[in-house]
Amino acid sequence: MRGEERRKREGKNGGREGKNRGRERGRTEEERGEERRKRGEEQRKRGEEQRKRGGKNRGREGKNRGRERGRTEEERGEERRKREGKNGGRERGGPEEERGRTEEERGRTEEERGEEQRKRGEEQRKRGGKNRGREGKNRGRTDRDELDNLLVDNRKVMLQSIADDLRARLPLHAMLPSETSAQHKMQQQARPTVHVDGFLYDDELVDALCEEGTMSRSYCLSCGSYKTAPLEFLSHSFSVSELQFLYQNVLPDLSGRTLVDVGSRLGAVLYGGYVYSSASQLVGLELSEEFVQLQNDVLQKYQLTDRVQVLHADVCTQDVLLQNADVLVMNNVFEYFMEPAEQVRAWRFIMLMFRKKGSLLVTVPGLQESLSAVQQEVLLPGWVEELPVDSDVYLGRDADPDALRQIHLYRVIGEEQGPVSQNQK
């Protein structure tokens, strides 16, 4: 009887122990499953972070972690099969092996994702490099455009408006039928030369006219062929940028002073002096009655007559005006419009009458080049001295550095007459 009771007790105890072992094993499996779930969740989060971050190194790390996790789980499953026995190992090892394979597949998936992320990161870097290059170019253009916009003020707008009005009243070459002599001299130049007025046509407008075929920058060297050469452009007027340079960088403050423009033509120097300087009086001398009328119309329309006037006169008749002038401007004034003997006469008169000490003379081109076409000895020794001009300034995209370098500034040395007599006038 006692043996039977012991067996029953042992059976109960064995059952309890079996239940407890089963519970412990169940809990262990449950805990392991929970751990795996947590690890899977962590892996998912890490994979998500890797996808967001991208990049070569993270892709490699994901790849290695996936492989290690897959191998570790597979090794754990194999160890459990060995410890728990053949049957139990098969029962539990099978799911563990499947989980290990699942983990390995996840690792491979992460490896593939990492490789994709690496490629995407590489593409993004390449695109970023190209975009940065484009952004750098665009920033450079934007900065230059912003600077140009700052330079476009009301004064420049007014001058451009005047140019628009004049273009509407003049032919494309801005020369009158009466200027046949000037046109003939341009045709005699070593290189084919056309007149493109700098005040009326800036580079942007010239480009637009060339694109539509109205104007050309080149000529054919052999008719019917593609062999061409650039045309020489000649202007008898300052451009808007050159006017700004003249009054703001070349000449000093002109408050209370008189400026005379010899051969004022379209009046660009006078309009520029009105908006860019404080000169008390701006006087233009012009031989062509048509150009005088054109300038007066502009003065009336834009209400500039309080400081500007245009005289229909020869410079050689304006001795008093020259004697009292503080600044004399001469831009390509004689070479194309006068015969050599007339040029000599005009230069000698100017040298005799424009003698006030400290007065300023502006010429384009320089005196030596202007006088080389006539007689070098016309230039009186001790009449003027050349002053330095700094042309290294930025005035907008339309400013031509070569044209700025052609502007020369001189100062009258003294009032003594020198060797030229009145008979040479």
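The values are calculated or read from the model by the stated rules, or taken from the named source; none is laboratory data. If you're wondering where the values come from, they're calculated on a predicted model, not measured in any experiment. Cβ placement follows ideal geometry from the backbone for every residue including glycine, while neighbour counts extend to all protein chains displayed. These area figures cover heavy atoms from the full protein model, side chains too; ligands, DNA and RNA do not enter into them. Shrake-Rupley method; radii C 1.70, N 1.55, O 1.52, S 1.80 Å.
Compared with the direct C-alpha span, the chain from E48 to D164 gains 35.4 nm at full extension, assuming 0.36 nm per residue. Count Lys and Arg as plus one, Asp and Glu as minus one, and take only other residues whose Cβ is under 9 Å from that of L285; the net charge is then -3. When the residues E211, E242 are ordered by accessible surface, computed with a 1.4 Å probe over the protein chains alone, the sequence from largest down reads E211, E242. Rolling a 1.4 angstrom probe over segment 289-392 with all protein chains present gives an accessible area of which 45% lies on carbon and sulfur atoms.
For H173 and Q406, the FRET efficiency from 1/(1 + (r/R0)^6), where r spans their Cβ atoms and R0 equals 22 Å, is about 0.60. Taking label points 7 Å from Cα along the Cα-to-Cβ direction, R39 and L209 give a separation of 8.2 nm. When each of the peptides 381-387, 361-367 is scored by the mean number of other C-beta atoms lying within 10 Å of its residues, the order from highest to lowest reads 361-367, 381-387. Multiplying the residue separation of Q300 and Y394 by 0.36 nm and removing their Cα-Cα distance gives an extension gain of 30.6 nm.
Accessible surface for H312 stands near 100 Å², nearest 10, in the context of the full protein assembly shown (1.4 Å probe). Descending by average beta-carbon neighbour count within 10 Å, the peptides 38-46, 314-322 line up as 314-322, 38-46, the highest first. Roughly how many Å² of L287 are accessible to a 1.4 Å probe, to the nearest 10? Rounded to the nearest 10, the figure is 110 Å².
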